[in-house]
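The values are calculated or read from the model by the stated rules, or taken from the named source; none is laboratory data. Since this is a predicted model, take the numbers as computed values, not measurements. Methodologically, a virtual Cβ is constructed for each residue, glycine included, from the backbone with ideal geometry; neighbour enumeration extends over all protein chains shown. With ligands, DNA and RNA removed, areas are computed over all heavy atoms of the protein, side chains included. Shrake-Rupley method; radii C 1.70, N 1.55, O 1.52, S 1.80 Å.
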Amino acid sequence: TCTSEAKTEEQMLAELKDMVAHGVTNPNVYQGPDGQKTDGSWDLTLLQRVFELRKQAGMVGGPLMILGVGVGSPPSLLEATIDLARKNGFTEVYFYGADEASEDALRAERADFEKVHKAGGKVFVAGYLDSFEIVGDLLDMPVFSGRPNPPMAQAYHALGHRILSYGNPQGGVEEPETYRRNYGLALWKAGYDGASTYAYQHSFG
């Protein structure tokens with residue numbers, strides 16, 4: 001079945017080309033491993049195929065932002081993903097944390113964030129402004145909802161990190177001028193590094 005979560009190669013390539021035609025050149029990747037082999041290595045055949053389809057569509061280089069392999073993954077999988085990404089021209093790899101975690105749930109992730117850094121990766125995740133005090137030193141690219149926050153952008157940039165925006169508004173509202181303003185000019189003015197809104201496509205019901 002072809003859904004928002006599973007594509008034939010033909011459909012996925014068509015959609016990737018459509019994204020590129022509309023200026024979306026580096027969407028998140030949700031493909032994970034196909035499993036672990038008997039020798040302990042990871043089967044990343046489908047992830048490699050996703051990379052190949054992206055290249056065919058004109059998506060080349062830049063950072064990889066992946067959700068199919070999360071911060072809680074074994075170090076061997078983190079390292080294998082980074083190695084494959086580098087072989088495919090990605091400059092760095094951002095692994096996703098627990099979505100919209102805060103307070104104690106966010107504190108509990110510090111060990112996983114450190115593990116990602118030790119493996120050579122970086123961390124990104126959607127969350128709240130309290131993340132700076134709790135994991136700001138380890139969160140390489142927070143994705144904050146709502147209106148941009150220039151002081152928070154300055155704080156993360158001072159640590160050498162990036163900052164993205166989402167939910168201002170969420171995807172699906174047919175108001176092009178609103179998106180151009182909120183995800184374009186407003187982010188540029190606030191010093192943000194980009195947008196990662198939800199979602200290009202997601203089926204419900």
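Report, to the nearest whole %, how much of the accessible area of the chain belongs to carbon and sulfur atoms, 1.4 Å probe, protein only.
Details: 5740 of 11030 Å².
Heavy-atom surface of the chain belonging to carbon and sulfur, 1.4 Å probe: 52 percent.
Taking 0.36 nm per intervening residue step and subtracting the Cα-Cα distance, what contour gain separates D104 from R147 on full extension?
On the way: separation 43, 0.36 × 43 = 15.48 nm, distance 2.48 nm.
Length difference between fully extended and current span is 13.0 nm.
Bins of 5 Å, beginning at zero and ending with the bin holding the largest distance: percent of Cα pairs per bin for region 1-85, please.
Per 5 Å bin, starting at zero, the Cα-Cα P(r) for region 1-85 comes out as 3, 13, 25, 24, 17, 12, 5, 1, 0 percent.
Given the options P150, P75, P169, state which has the largest fluctuation in a GNM of the chain using a 10 Å cut-off (strictly under) for Cα springs.
Among P150, P75, P169, the largest mean-square fluctuation in the Gaussian network model of the chain belongs to P150.
Find the relative contact order for the chain and round it to a whole percent, using C-alpha pairs within less than 8 Å whose residues are 6+ positions apart. Provide the component values of the computation, followed by the final result.
Details: 322 pairs, mean separation 28.5, N = 205.
Result for the chain is 14 percent.
Determine the dipole magnitude for the chain: charges of +1 sit on the beta-carbon of Lys and Arg, -1 on that of Asp and Glu, nothing else is charged, the reference point is the Cα centre, and the result goes in debye to the nearest 20.
On the way: 18 positive and 27 negative charges, 118 e Å.
Here the chain has a charge dipole of around 560 debye.
Once you have all Cα-Cα distances for region 139-195, histogram them in 5 Å bins from zero and send the whole-percent values.
With a bin width of 5 Å, the distribution comes to 4, 22, 32, 22, 12, 6, 2, 0.
Just by accessible area at a 1.4 angstrom probe, what is the order of K17, K115 from largest to smallest? Provide the component values of the computation, followed by the final result.
On the way: K17 105, K115 45 Å².
Ranked list, largest accessible area first: K17, K115.
Using a probe radius of 1.4 Å on heavy atoms only, what accessible surface per residue do you get for the chain? Whole Å² is fine.
Details: 11030 Å² over 205 residues.
In whole numbers, the chain has 54 Å² accessible per residue.
So how exposed is R86, as accessible area in Å² (1.4 Å probe, rounded to 10)?
Answer for R86: close to 150 Å² accessible.
If you take the C-alpha gyration tensor of region 1-44, multiply each eigenvalue by 5 and take the square root, what semi-axes do you get, largest first, in whole Å? Write down the numbers at each step before the final one.
On the way: eigenvalues 149, 35, 12 Å².
They are 27, 13, 8 Å, listed from largest to smallest.
Could you run the Debye sum over the Cα atoms of region 105-205, one equal point scatterer each and no solvent, and tell me log10 of I(q)/I(0) at q = 0.23 Å⁻¹, two decimals?
-1.16
Starting from the Cα of K37, draw a straight line to each of the lysines and keep only those under 22 Å, dropping any in the same chain fewer than 8 residues away.
K87
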